[in-house]
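> One structure, pasted below without further comment.
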Amino acid sequence: MKRKPYGGITNISKYLMEQYGERGVLVKRGRSVVMDHKSMEEISGRRTRNCSVVAVTRVVDYYRKKLKIPGIPEDIREIYRDVEEIAESYGYNDKIGTIPFFISGIARESFERYGIKTKCKGVYVWTFEDQVVKEISEGRPVIMNIARGYYKDHTVVVVGYSIWRVGDKLYPILRIIDGWRSGYRYIDYEAFAKDISQSIFGSFNTIVVK
């Protein structure tokens, strides 16, 4: 059986059946973080290598709404322009995009621009429990940068998770906004984290507003 890509999943039940040969049973549905899920092109006005800039923009906009923070533009496209300007000071441009190590710095400075203190951390050795379950349970979206496989050199925002059982094995599924299209997609965390040919290389960026 040809293995399917770990990402871009739209129908979890169908994916699990095709990937693992059995029906999946939903064991747990974690909290979902509701945020702007327009495409990168809709938010930035162009189609280019700006996934990390858009991801940070989404998170700033999320906290603006959640915490009712004054001083942050209500139009997400305006927030994008501010974040892009900060990203450029970190070497971002349309040709190379953003160097993943700088995502947390860009996020911290973007919040600082609006007078908000945050603790932004890039995590390079990660676990599902610590970087997904813990953060999402606290209502904090996570920025995830992926180096290989389906989402090669791409940054997405993790906004939820669920856990499914297939046979006697549990499969965590990430709910994400990938920005290639509007709306939500899913990542098979097991396939992503364990299949070295597909993925394994990446980082999670956690953001805590103080």
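The values are calculated or read from the model by the stated rules, or taken from the named source; none is laboratory data. The shown structure was predicted, so the numbers you read here are calculated from the model rather than taken from an experiment. All Cβ positions, glycine included, derive from the backbone under ideal geometry; neighbour counts span all protein chains shown. Each accessible area value is taken on the protein alone, full model and side chains, heavy atoms only, with ligands, DNA and RNA left out. Shrake-Rupley method; radii C 1.70, N 1.55, O 1.52, S 1.80 Å.
> Considering each of ILE79, ILE69, ILE9, ILE96 in turn, give the residue that is closer than 28 Å to THR118 by Cα, modelled with pLDDT of 95 or more and not polar (S, T, N, Q). Can you show your working first?
On the way: ILE69 fails: modelled with pLDDT of 95 or more; ILE9 fails: closer than 28 Å to THR118 by Cα; ILE96 fails: modelled with pLDDT of 95 or more.
Unique residue meeting the criteria: ILE79.
> Which one of these does TYR150 not meet: (1) of a type outside the set (Asp, Glu); (2) farther than 23 Å from ALA107 by Cα; (3) in contact with a Ser or Thr (Cβ under 9 Å, 6 or more places away or on another chain); (4) part of a strand (DSSP E or B)?
TYR150 satisfies every listed condition except (4).
> Please go through the stretch 57-76 and pick out each residue that is surrounded by fewer than 19 Cβ atoms within 10 Å (Cβ to Cβ) and either touching a helix residue (DSSP H, G or I) at 6+ places or on another chain (Cβ under 6 Å) or touching a residue at least 60 places away in the same chain (Cβ under 8 Å) (or both). Step through it out loud before you land on a result.
So in the stretch 57-76, the residues surrounded by fewer than 19 Cβ atoms within 10 Å (Cβ to Cβ) come out as 65-71, 73-75.
Across the stretch 57-76, the qualifying residues are LYS66, LEU67, PRO73.
Condition check ((1) under 15 Å from the mean Cα position of the chain (by Cα); (2) within 24 Å of ILE72 (Cβ to Cβ)) across all residues:
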site	(1), (2)
GLU88	no, yes
GLY91	no, no
ILE96	no, no
PHE102	no, yes
ILE116	no, yes
LYS119	no, yes
TYR124	yes, no
PHE128	yes, no
PRO141	yes, yes
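> Are any of the residues in the stretch 161-174 more than 16 Å from the chain's Cα centre (by Cα) and crowded, with 20+ Cβ neighbours inside 10 Å? Don't jump to the end; show me each part of the working.
Going through the stretch 161-174, the residues more than 16 Å from the chain's Cα centre (by Cα) turn out to be 163-171.
Imposing the further condition that a residue be crowded, with 20+ Cβ neighbours inside 10 Å reduces the set to 164, 171.
Yes.
> Just the residues that are assigned to a loop (DSSP other than H, G, I, E, B) and at negative phi, please, taken from the stretch 153-185. Full working, then the answer.
Residues of the stretch 153-185 that are assigned to a loop (DSSP other than H, G, I, E, B), as a first pass: 153, 167-168, 178-184.
If the condition is that a residue be assigned to a loop (DSSP other than H, G, I, E, B) and at negative phi, then ASP168, ASP178, TRP180, ARG181, SER182, TYR184 are the ones that fit.
> For the stretch 116-154, which residues satisfy the criterion of being in contact (Cβ under 8 Å) with a residue 12 or more places away in the chain, over 18 Å from TYR63 (Cβ atoms) and not aliphatic (A, V, I, L, M)?
Correct list: GLY122, TYR124, TRP126, PHE128, GLN131, ASN145, ARG148, GLY149, TYR150, TYR151, ASP153, HIS154.
> Residues that are of a type in the set (S, T, N, Q), loosely packed, with under 14 Cβ neighbours inside 10 Å and out of contact with any Lys or Arg (no Cβ under 8 Å at 6 or more places or on another chain): does the stretch 77-93 have at least one?
We begin by selecting, within the stretch 77-93, every residue of a type in the set (S, T, N, Q); these are 89, 93.
Within this subset, residues satisfying the condition of being loosely packed, with under 14 Cβ neighbours inside 10 Å are 89, 93.
In the following step, the residues that additionally are out of contact with any Lys or Arg (no Cβ under 8 Å at 6 or more places or on another chain) were identified as 89, 93.
Scanning the stretch 77-93, I find at least one residue that is of a type in the set (S, T, N, Q), loosely packed, with under 14 Cβ neighbours inside 10 Å and out of contact with any Lys or Arg (no Cβ under 8 Å at 6 or more places or on another chain), so the answer is yes.
> Report whether or not SER32 is at pLDDT 95 or above and open to solvent by less than 90 Å² (accessible area, probe 1.4 Å). Walk me through how you get there before you give the answer.
On the way: at pLDDT 95 or above: no; open to solvent by less than 90 Å² (accessible area, probe 1.4 Å): yes.
Taking the combined requirement at face value, the residue does not satisfy it.
> Let me ask another. Which of the residues spanning the stretch 129-150 are open to solvent by 20 Å² or more (accessible area, probe 1.4 Å) and of a type outside the set (Asp, Glu)?
Initially, the stretch 129-150 is screened for residues open to solvent by 20 Å² or more (accessible area, probe 1.4 Å), giving 129-131, 134, 137-138, 140, 147-150.
Listed by number, the residues that qualify are GLN131, LYS134, SER137, ARG140, ALA147, ARG148, GLY149, TYR150.
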